[in-house]
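Novice: Below you'll find the structure I mean.
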Amino acid sequence: MDQRLRFLAELERKVLWLSTYTIHNANHLRSSEDGLKVGGHQASSASLSTIMTALYFAVLRPQDRVAVKPHASPIFHAIQYLLGHQTREKLENFRGYKGAQSYPSRTKDVDDVDFSTGSVGLGVAQTLFASLVQDYVKAHGWAKGRPEGRMIALLGDAEMDEGNIFEALLEGWKQGLRNCWWIIDYNRQSLDAVIREGLYARFEAIFRAFGWDVVILKYGSLQEAAFKEPGGERLRQWIDTAPNQLYSALTFQGGSAWRRRLLDDLGDQGDMTRFIEKRSDAELATLMSNLGGHDLPSLLDAFERIDHDRPTVFIAYTIKGFGLPLAGHKDNHAGLLTPAQLASYRDAIGVREGHEWERFEGTRIGAEAMRRFLGGIPFNAEGRRRLGAPRLAVPAELATPRQARISTQQGFGLLLNELARSREELADRIVTTSPDVTVSTNLGPFVNRRGLFARNDMKDVFKAERIPSTFAWDFSPKGQHLELGIAEMNLFILLSALGLSHSLFGERLIPIGTLYDPFIQRGLDALNYACYQDARFILVATPSGVTLAPEGGAHQSIGTPLIGMAQDGLAAFEPAFVDELSVILRFAFDYLQRSGDSAHAERDVEEKSWLRDETGGSVYLRLSTRPVEQPQREMTAPLREEIIDGAYWLRKPGPNAQVVIAYAGAVAPEAIAAVGLMAEDRRDVGLLAVTSADRLNAGWTAAQRARERGLVHARSHIERLLAQLPPHCGLVTVLDGHPATLAWLGSVAGHRTRSLGVEHFGQTGTIADLYRHYGIDAQAIIAAAQMIAPGRPIRHLRAVEAS
Ligand SMILES: Cc1ncc(C[n+]2csc(CCOP(=O)(O)OP(=O)(O)O)c2C)c(N)n1
Ligand SMILES: [Mg+2]
């Protein structure tokens, strides 16, 4: 055996032991506390032990990036532990509070996770989009000193059931994907069961259809050698036709079961019988479990043979639970070794009791030599793998469109157009993307100026033929728009990759993705995934709400403002006016580049909004196509701040205010009209413009928590705004979205509140029809005000027609 293989074989033993012990130990510690078993890791991990050993200790280079299948997290942590990047303390506390994470996490783990995984399928697609981003960065002439890396996913065979993988495959084909490897852990088991026969052939056909190279790693080198012996060819045929269930069951039962079965099926009193009989039970078991995915020489050969950048899938046959007593059992997903099984495993590999965590305990090579080998592996050559990029300067102000009547969506298009015209470095780093709604979300003007991205030039034929068209659709390596097919999942996974470019490739991008607001829900898990990885991007969702009136219920959104509030890592805004949007967009450019420490906010008694803004995050803008009369006003510094903090008085309530209307977004004209119509009959009516229910709410919650911890002076923005209202004042809230978005405002200072909004699937009609239907028009606002702030009848409230 060559030297490298000797080391790798030792490391594989260590990796499997450490990962198994990590899980055993965690389970031992915690199952007694909560009655929870730490299942789902031992068998799943073991099946990737050989592949990950080969990759991390031999094949990977510092520029390569890997998404590790969620349940192989203990293997990943064990490898990083051996490399000195993971602590024993965190391993001992696997799945515990602040311990090594159950599923590899960029944000929660300390050992340089490249891509988080957990929700199966997403990490896989993430590698594909990361490789498109690498191409984007390279084509723009950035990251000059860095070689191109391979973006690698290690995925379970059942993970291939996730539809988002197929959406990504199609997109990858369209975009000319390169430098992407997917390694399928073909253990023929999912969580519940053994998978369908012949699935690999379906996989093979699918990948070939999308232009991928397919490498099937079925037999290990021991098997290959055995096939050459007399009788060996018949064994190969037997393996090829053995049902998955049977192979798994025999693997679980071990050597004597293999002997019995093989003799029954193949025994001939000749070559074949001799082939079987000359092997011990243990040798037979080793031979039969020597599948391609558990054979270091075959794996190294397959990986190192790749000398091109075409996307490549490896279908590697493996055994779920490889090397452990639960190998092959169909129920092993949540299986755990018993203490007795663990003890005999420990003895078998020469680890002394009490020395379980020692890095090189039980190696047959010697600690010093192991250390030297690890010191020289390419993966570790540059130490820590996470990169960074300086912040880009953000202009003090964006040029705000001055149209008297305009929608926020049009305003967005104009603001980006101005940026596209500018010479700001920031503008050069903007990447826009959209799932086939570029034109209908008003990205058109930006794309006209900055072009579409492709690695190869492609001219707009309509333009070349001088056929008049509003949009130039020219592709080039310098283009700044990535046009996607209609899959919203892909949009979010691409935004995630673009939004991690500073960390993955050392080059900062300012990603802006647009889509119709209701279709956020189509990609919601991917959006959550992007946020969990702390990717930074701006999401522009437009149009939104029932304001999309004639489009009907299939295109209208109701719950998205609540998503905006609840989604961690995403600051949601819903401006009504374009000067607000301009302020918010400028803020977003800055906010998404921040990476400070939030800890000091908790200590700072002078803290203004309690928003933990130091850490930054992504931004969601919920916009509308409804043209709205714009306020003619000077944008002052205090107003700017209030817009960012989430609300300001559009009309300050007087000292005896009987009612306040708080609105968000496109219903601004209704709120303004209602305040005008009731001014004669209610005293000192106030009008609160809410630009971000999300940030208002977050600040309020944080300030309360701070007070409970003893910071008695902590006050949030909304608390200060509402402090001046008399206690009897009623509050009517209204937005084109779910009423719960603003309903909590009443709890801030204990004001009676009536919350208007949309709760049911929309109708088609005019905006006026629908606002009346859902009770978010001026009349409904007045009716609510009359009920909540009793007094003389409000004259302009029409009697509701009995319909
Ligand atoms: C989106 C999503 N749905 C369900 C799960 C729960 N889950 C975790 S692993 C798994 C099956 C994994 O099978 P496979 O991909 O073949 O991996 P193996 O355990 O065989 O290594 C399931 C259903 C999940 N993590 N994510
Ligand atoms: Mg599987």
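The values are calculated or read from the model by the stated rules, or taken from the named source; none is laboratory data. This structure is a prediction, so every number in the text was calculated from the model and none was measured. Quick reminder, even Gly has a Cβ in these numbers, built from the backbone with ideal geometry, and neighbours come from all protein chains shown. Just the protein is used for accessible areas: all its heavy atoms, side chains included, with ligands, DNA and RNA removed. Shrake-Rupley method; radii C 1.70, N 1.55, O 1.52, S 1.80 Å.
Novice: Compute the signed sum of charges (Lys and Arg +1, Asp and Glu -1) over the other residues within less than 14 Å, Cβ to Cβ, of Arg6.
Specialist: For residues surrounding Arg6, the net value is +2.
Novice: Still on this structure, I have one more. Explain nothing, just compute: Karplus ³J(HN,Hα) = 6.51 cos²θ - 1.76 cosθ + 1.60, θ = phi - 60°, for every residue of the stretch 348-357 in order, whole Hz, x for Gly and Pro.
Specialist: For the stretch 348-357, the Karplus curve yields 4, 9, x, 9, 7, 4, x, 10, 4, 8 Hz.
Novice: From the Cα gyration tensor of the stretch 580-706, with a ≥ b ≥ c the square roots of its eigenvalues, which class applies: rounded if a/c is under 1.5, or else prolate if a/b is larger than b/c, or else oblate?
Specialist: oblate
Novice: Between the stretch 567-596 and the stretch 471-510, what is the separation of their alpha carbon centroids in Å?
Specialist: Their Cα centres are 19 Å away from one another.
Novice: If you don't mind, there's one more thing I want to ask. Can you classify the stretch 527-586 as rounded, prolate or oblate using the Cα gyration tensor, where a ≥ b ≥ c are the square roots of its eigenvalues, rounded means a/c under 1.5, and otherwise it's prolate if a/b beats b/c and oblate if not? Before the final figure, lay out the partial values.
Specialist: Numbers: a/c = 2.45, a/b = 1.29, b/c = 1.90.
Taking the square roots of the gyration eigenvalues as a ≥ b ≥ c, the stretch 527-586 is oblate.
Novice: Still on this structure, I have one more. Name the residue farthest towards the positive end of the dipole of the chain from the options Ala572, Leu639, Gly676, assuming +1 on Cβ of Lys and Arg, -1 on Cβ of Asp and Glu, about the Cα centre.
Specialist: So the residue we want is Leu639.
Novice: Enumerate the amide H contacts of Leu756 below 5 Å, restricted to partners 5 or more residues apart or on another chain; note that Pro and chain-start residues carry no placed amide H.
Specialist: The list, which skips near neighbours in sequence, is Thr733, Val734, Leu735.
Novice: Want the number for Trp357 to Glu634: 0.36 nm per residue separation, take away the alpha-carbon distance, what's left?
Specialist: Details: separation 277, 0.36 × 277 = 99.72 nm, distance 6.55 nm.
Contour length minus the Cα-Cα distance gives 93.2 nm.
Novice: Using amide H atoms built in the peptide plane, which far-off residues or other-chain residues are under 5 Å from Val215 H to H?
Specialist: Distant-sequence amide H within range of Val215: Val313, Phe314, Ile315.
Novice: Over the C-alpha atoms of the chain, what are the Rg and the largest Cα-to-Cα span, Dmax, in Å?
Specialist: So, for the chain, Rg and Dmax equal 30.8, 107 Å respectively.
Novice: Right, here's the next one. Relative to the longest principal axis of the chain, what angle (0 to 90°, nearest 10) does the C-alpha long axis of helix 232-241 take?
Specialist: Value to nearest ten degrees: 30.
Novice: Oh, and also: Using 0.36 nm times the number of residues separating Asp2 and Asp112, minus their current alpha carbon distance, what extension gain do you get?
Specialist: Difference between extended and current length: 36.6 nm.
Novice: Further, regarding this structure: Where the centre of each part is set by its Cα atoms, how far does the stretch 603-680 sit from the stretch 314-348, in angstrom?
Specialist: Comparing the Cα centres of the stretch 603-680 and the stretch 314-348, I get a distance of 59 Å.
Novice: Among residues other than Arg622 whose Cβ falls under 11 Å from its Cβ, what is the net charge (Lys/Arg +1, Asp/Glu -1)?
Specialist: -4
Novice: Tally the DSSP beta bridges in the stretch 451-606 and give the antiparallel ones as a percent, rounded to 5.
Specialist: Antiparallel: roughly 10 percent of the beta bridges in the stretch 451-606.
Novice: For Ala381, put the label point 7 Å out on the Cα→Cβ axis and report which residues of the stretch 48-88 keep their amide N under 17 Å from it.
Specialist: Taking a point 7 Å out along Cα→Cβ of Ala381, the residues of the stretch 48-88 whose backbone N falls under 17 Å are 55-66.
Novice: Using the Cα centre of the chain as the reference point, and only Cβ charges (+1 on K/R, -1 on D/E), how large is the resulting charge dipole? Debye, rounded to the nearest 20.
Specialist: 940
Novice: Using a ≥ b ≥ c from the Cα gyration tensor of the stretch 101-140 (square roots of the eigenvalues), is it rounded, prolate or oblate, where a/c under 1.5 gives rounded and otherwise the larger of a/b and b/c decides, a/b for prolate?
Specialist: Judged from the Cα gyration tensor, the stretch 101-140 comes out oblate (a/c at least 1.5, b/c at or above a/b).
Novice: Could you pull out the longest piece of the chain with no exposed loop chymotrypsin sites (Phe, Trp or Tyr not before Pro) in it, calling a site exposed if DSSP puts it outside H, G, I, E, B and it has at most 11 other Cβ atoms within 10 Å?
Specialist: Value returned for the longest uninterrupted segment is 98-760.
Novice: Take the solvent-accessible surface of the protein heavy atoms, probe 1.4 Å, and return the percent of it on the stretch 666-736 that carbon and sulfur atoms account for.
Specialist: On the way: 1330 of 2430 Å².
Result for the stretch 666-736: 55 percent of the exposed heavy-atom area is carbon or sulfur.
Novice: Short version: ³J(HN,Hα) in whole Hz for each residue of the stretch 634-649, in order, from phi by Karplus 6.51 cos²θ - 1.76 cosθ + 1.60 (θ = phi - 60°), x for Gly and Pro, what are they?
Specialist: Using θ = phi - 60°, the values come out as 7, 8, 9, 4, x, 5, 4, 4, 5, 4, 6, 6, x, 6, 8, 7 Hz.
Novice: Using the Karplus curve 6.51 cos²θ - 1.76 cosθ + 1.60 with θ = phi - 60°, work out ³J(HN,Hα) for each residue of the stretch 378-386 in order, rounded to whole Hz, and write x for Gly and Pro.
Specialist: x, 3, 8, 4, 10, x, 4, 9, 7
Novice: Post the alpha-carbon centroid distance, the stretch 125-160 to the stretch 250-274, in whole angstrom.
Specialist: 46
Novice: How many percent of the accessible area of the stretch 109-214 is carbon or sulfur, using a 1.4 Å probe? Could you put the intermediate results ahead of the total?
Specialist: Values: 1850 of 3460 Å².
On the stretch 109-214, the fraction of accessible area on carbon and sulfur atoms equals 53 percent.
Novice: Let me ask something else. How much length would be gained if the chain were fully extended between Lys478 and Arg202, taking 0.36 nm per residue of separation minus their Cα-Cα distance, in nm to one decimal?
Specialist: Value of the extension gain: 95.6 nm.
Novice: Oh, and also: If you keep only loop residues by DSSP, which trypsin sites (Lys or Arg not before Pro) in the stretch 643-751 have at most 11 other Cβ atoms within 10 Å of their Cβ? Intermediate results must be reported in sequence, preceding the final value.
Specialist: Values: sites: Arg651, Arg682, Arg683, Arg695, Arg705, Arg707, Arg709, Arg715, Arg720; in loops: Arg682, Arg683, Arg709, Arg715.
Of the trypsin sites (Lys or Arg not before Pro), the ones in loops of the stretch 643-751 whose Cβ has at most 11 other Cβ atoms within 10 Å are Arg709.
Novice: Label 7 Å along Cα→Cβ of Gln704; the stretch 725-751 residues with amide nitrogen under 13 Å?
Specialist: 743-751
Novice: Now for a separate question. May I ask you to give the percent of accessible area on the stretch 248-350 that is carbon plus sulfur, with a probe radius of 1.4 Å?
Specialist: C and S fraction of accessible area: 50 percent.
Novice: Right, something else. Can you give the accessible area per residue of the chain, in Å², using a 1.4 Å probe?
Specialist: 39
Novice: Give a quick list of trypsin sites (Lys or Arg not before Pro) in the stretch 226-294 that DSSP marks as loop, anything other than H, G, I, E or B, with at most 12 other Cβ atoms within 10 Å.
Specialist: Lys228, Lys278
Novice: What GluC sites (Glu not before Pro) in the stretch 425-534 are in a loop by DSSP, with at most 12 other Cβ atoms within 10 Å of the Cβ?
Specialist: Passing both the DSSP loop test and the Cβ count: Glu465.
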